[in-house]
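Step one of this worksheet: look at the structure below.
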Amino acid sequence: MKKIAMLTSGGDAPGMNAHIRAVVRAAIYNGLEIYGIVGGYSGLIEGNFIKLTRKETANIISSGGTILKTSRSKEFMNAGGRAAAAEQLKENGIEGLICCGGDGTFHGAHALWEEHGVQVVCTPGTIDNDLYGTDYTIGYDTAINTAVQAIDKIRDTADSHGRVFLIEVMGRHAGFIAMDVGISCGAEYIAIPEIATNLDILYQRILKQGKTRRTIIIVGEGDEYGGAAVIAELMKQKYDIEPKVSILGHMQRGGAPTARDRVLASHLGVKAVEALLDGKTDVMVGKSMHDIVYTPLVETWTKKKKIFNYMMELSDILA
Ligand code: F6P
């Protein structure tokens, strides 16, 4: 193997740049030429390749976003798009591909291997932390810390007024962000997609706080009610109270990666290059209990990473 490429795809995540840096440096260390594909799978279809050296990856370890840009490519979801992508890899002499992203990215990479025999290794890059086969995903630690910092500020004003705040965090169909952020912020209630939300209990928690103390309720965006705004409206109709709603949104995806994310991104970057050199394909390189783990791509979405039951119990005890 002489020439490999990498791309970032799906939602960007803090730490992706540290990851790119690690892949590039590990590739060079192992005597490989490394190319970056600009714009995720869309860039691959268009043949948007750039040669990466130590120079391109200098000074990016601390920056958020991804210097390779990213996309959610509709074209790549079609067999025709994937055939064009495989052709680009062949024409450019690329023998192995590293794709960093979430489950959408992994579905695409798996199809590239199955349909065109492209040797592909994936790495978990998403703030959602919803991938089976790794304890944490690149970007998750930064995202929860960003959310906690924002909510600590909201707490100040909520406390001054004795207000009820429903704060919505990202995470798509998974409640990892909501759960960890909720525990970290001492939330009175945490609504997550994995566990039925009980509005009566939620209201009891608000009453327990009384009129002078703030109430912080964290809502994962994938909660079955459809987010914080819907819950606020229901609270108004059912209990005649008007909670304030704050949706943290994309700020959770930005900012300098935490040290934890930089270390994870760096470790997985080196191991992804080594996995290609070892002939591995159709796997995600993850980290669990301090060990590097290789999980077949299909298992990363067919098996479900679970939120431990004790977390909800913990939040109930502490509320
Ligand atoms: O998967 C990461 C994520 O930030 C989710 O938490 C969120 O639901 C989604 O991406 C938002 O995607 P987009 O930026 O494309 O709207």
Residue hits (the range 150-198; part of a helix (DSSP H, G or I), open to solvent by less than 10 Å² (accessible area, probe 1.4 Å) and away from the ligand (no atom under 16 Å from the Cβ)) are ILE151, ALA158
For a quick check of your reading of the model, give me the residue pairs whose first member lies in the range 115-134 and is in contact (Cβ under 8 Å) with a residue 60 or more places away in the chain and at positive phi, whose second is away from the ligand (no atom under 15 Å from the Cβ) and open to solvent by less than 20 Å² (accessible area, probe 1.4 Å), with beta-carbon atoms closer than 6 Å and at least 6 apart or on different chains. GLY133/MET284; GLY133/GLY286; GLY133/THR295
Number of the condition not met by LYS69 [criteria: (1) among the charged types (D, E, K, R); (2) away from the ligand (no atom under 14 Å from the Cβ); (3) surrounded by fewer than 23 Cβ atoms within 10 Å (Cβ to Cβ)]: (2)
Residues within the range 1-51 that are among the hydrophobic types (A, V, I, L, M, F, W, C), part of a strand (DSSP E or B) and either open to solvent by 10 Å² or more (accessible area, probe 1.4 Å) or more than 18 Å from LYS271 (Cβ to Cβ) (or both), tallied: 3
Looking at ASP128, is it within 16 Å of the ligand (Cβ to nearest atom), charged (D, E, K, R) and in a loop (DSSP other than H, G, I, E, B)? yes
Flag if LYS287 is open to solvent by 50 Å² or more (accessible area, probe 1.4 Å), under 27 Å from PRO124 (Cα atoms) and not assigned by TED's automatic domain parsing to the domain that holds ILE195: no
It is to be established whether one or more residues within the range 31-43 are more than 16 Å from the ligand (Cβ to nearest atom), of a type in the set (Ser, Thr, Tyr), farther than 15 Å from GLY101 by Cα and in contact with a Lys or Arg (Cβ under 7 Å, 6 or more places away or on another chain). yes
Pairing a residue in the range 27-50 that is in the same structural domain as GLN88 (by TED's automatic domain parsing) and within 13 Å of LYS3 (Cβ to Cβ) with any residue that is at pLDDT below 95 and among the small types (Gly, Ala, Ser), where Cβ atoms lie under 7 Å and the two sit 6 or more apart in sequence or on different chains, gives none
Go through the residues of the range 260-271 one by one and say whether even a single one is away from the ligand (no atom under 16 Å from the Cβ) and either among the acidic types (Asp, Glu) or at pLDDT below 95 (or both). no
Write out, first by first residue and then by second, each pair whose Cβ atoms fall under 8 Å of each other, whose residues are 6+ apart or on separate chains, and whose first residue, in the range 1-15, is at pLDDT below 95 while the second is more than 12 Å from the ligand (Cβ to nearest atom). none
Qualifying position, being farther than 30 Å from ALA22 by Cα and out of contact with any Lys or Arg (no Cβ under 6 Å at 6 or more places or on another chain), among THR215, THR281: THR215
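The values are calculated or read from the model by the stated rules, or taken from the named source; none is laboratory data. What you see is a predicted model, and the numbers here were worked out from it, not measured in a lab. Note that each Cβ is placed from the backbone with ideal geometry, even for glycine, and that neighbours are counted across all protein chains shown. Heads up: the accessible areas ignore ligands, DNA and RNA and are worked out on the full protein's heavy atoms, side chains in. Shrake-Rupley method; radii C 1.70, N 1.55, O 1.52, S 1.80 Å.
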